[in-house]
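Nothing in this text is a laboratory measurement; each read-out follows from the coordinates by a stated rule. Values in this document were obtained by computation on a predicted structure and should not be read as measured data. Every residue, glycine among them, receives a Cβ derived from its backbone with ideal geometry; neighbour counts consider all protein chains shown.
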């Protein structure tokens, strides 16, 4: 069976390995492009958000490439994202595309349904339960290694002496992880990728601004959706930290919920009101970034995303209480890289002046 999945950052490397090693042919989704978005806009409802449209375009592209089944995730709570796969299936059927979308619902919500889908995937691939468990373990370690290498790249990029060195090295590290097929090979590729990053000529005397990236999971995770914002900021000399990595998100939603600290940080501003999506996370993570000494926060949100709109309305209070500036970027099909870069440059200038004024005040007090 020919199987594909949505593109979310660099996780496709691990998911490709998973599909191929459970006995199926993998159709690797292409990086979202202008054509992807054009297709998605053409066949999606006008009011749909940018993740819905990009996914719709991606599904049409992989269907053209021969995909018969597209694996995706469901969701929970008021956010509409949990129902996207239902609407995508409806649209694909309506326009006569012979591919279907199958969703893995979060086990914490539907354990029986999760294992039913997993069993179907395993049986159609013709592998045993023991083999399936082994494949899942290797996939998980590969996913964690990918996140480790990417995280380190964002720490090193603002210190690089030659612009672009970190990004080119990141691609090399990801390519090595793509070629790894065993737990030992994955660990070796992870170490080598990190070693290559550490060898990049850099100026450790720099004291870069620190910006946290928060927001809706898809536009935070998929660089093509946010115009490679972390690389853009890194090359401006800013160290970024992303609140969401797929390995951490998967752990929180399939094994055990580890988000208690985030929710407790957000609770004073929400009074337990469920707003869905990652809206609560955006509030709690802003508090945590402030407590950890970050200079600012960038919120990434699809245009018309209700959870992030609610969070945006609350964030000025968090910003005022904790003294941390927040820039919100709403993203849709009209958003261009130049506009994003201009707003980021202005925000970085503001943060730099703010840091300098703070240092000046501290010297006067002394």
* Asked: For the peptides 278-288, 29-39, 208-218, 348-358, what is the packing order when you average, over each peptide's residues, the other Cβ atoms within 10 Å and list the highest mean first?
  -> 278-288, 208-218, 29-39, 348-358
* Asked: Counting other C-beta atoms within 10 Å, which of 120, 140, 85 has the fewest, and how do the rest follow?
  -> 120, 140, 85
* Normalising by the residue count of the chain, find the relative contact order in percent from Cα pairs under 8 Å and 6+ residues apart. => 16 percent
* Take the Cα radius of gyration of segment 208-366 and divide it by 2.2 N^0.38 Å, with N its residue count; two decimals is plenty. => 1.04
* Within segment 186-215, find all residues whose amide N lies under 13 Å from a label point positioned 7 Å from the Cα of residue 168 along Cα-to-beta-carbon. => 200-201
* Structure fact -> Helix 183-198 sits off the longest principal axis of the Cα atoms of the chain, rounded to the nearest 10 on a 0 to 90 degree scale, by 30 degrees
* Asked: Relative contact order of segment 208-366: what whole-number percent is it, with Cα pairs under 8 angstrom and at least 6 residues apart?
  -> 26 percent
* Using alpha carbons only, how many degrees (0 to 90, rounded to 10) separate the axis of helix 34-43 from the longest principal axis of the chain? -> 60 degrees
* Structure fact -> Stretched fully, the stretch from residue 34 through residue 98 gains (0.36 nm per residue minus C-alpha distance, one decimal, in nm) 20.7 nm
* To do: Sort 60-67, 338-345 for me by packing, meaning the mean count of neighbouring Cβ atoms within 10 Å per residue, highest on top.
  => 60-67, 338-345
* To do: With r as the distance between the Cβ atoms of residue 1 and residue 267 and R0 = 56 Å, compute the FRET efficiency 1/(1 + (r/R0)^6) and round to 0.05.
  => 0.80
* Asked: Between residue 65 and residue 188, how many nm apart are label points set 7 Å from Cα along the C-beta direction?
  -> 2.8 nm
* Structure fact -> Rounded to 0.05, the calculated FRET efficiency for the beta carbons of residue 228 and residue 205 at R₀ = 25 Å is 0.40
* Asked: In units of 2.2 N^0.38 Å, what is the alpha-carbon radius of gyration of the chain?
  -> 1.01
* **Binned Cα-Cα distances of segment 135-207, short to long, each 10 Å bin given as a whole percent** => 22, 48, 22, 7, 0
* To do: Evaluate E = 1/(1 + (r/R0)^6) for residue 338 and residue 123, where r is the Cβ-Cβ distance and R0 equals 41 Å; express this FRET efficiency to the nearest 0.05.
  => 0.25
* Asked: Once every DSSP H run of n ≥ 4 in the chain is given -39500 (n - 2.57) and the sum is divided by its residues, what mean residue ellipticity at 222 nm do you get, rounded to the nearest 500 deg cm²/dmol?
  -> -18500 deg cm²/dmol
* Structure fact -> Here the gain from full extension of residue 359 to residue 181, 0.36 nm per residue of separation minus their alpha-carbon distance, amounts to 59.1 nm
* Place a label point 7 angstrom from the Cα of residue 345 along the Cα-to-Cβ direction, then list the residues of segment 212-240 whose backbone nitrogen is under 19 Å away. => 227-239
* Added length on full extension, which subtracts the Cα-Cα distance from 0.36 nm per residue, residue 352 to residue 136 -> 73.3 nm
* Asked: So how tilted is helix 337-365 from the main axis of the chain? Cα-based, degrees 0 to 90, rounded to 10.
  -> 40 degrees
* Classify segment 266-355 as rounded, prolate or oblate, taking a ≥ b ≥ c as the square roots of the eigenvalues of its Cα gyration tensor: rounded when a/c is under 1.5, otherwise prolate if a/b is larger than b/c and oblate if not. => oblate
* **Whole-angstrom Cα spans of segment 2-127 along principal axes, big to small** => 41, 33, 29
* Would you work out the relative contact order for segment 2-127, in percent, from Cα pairs under 8 angstrom that are 6 or more residues apart? => 25 percent
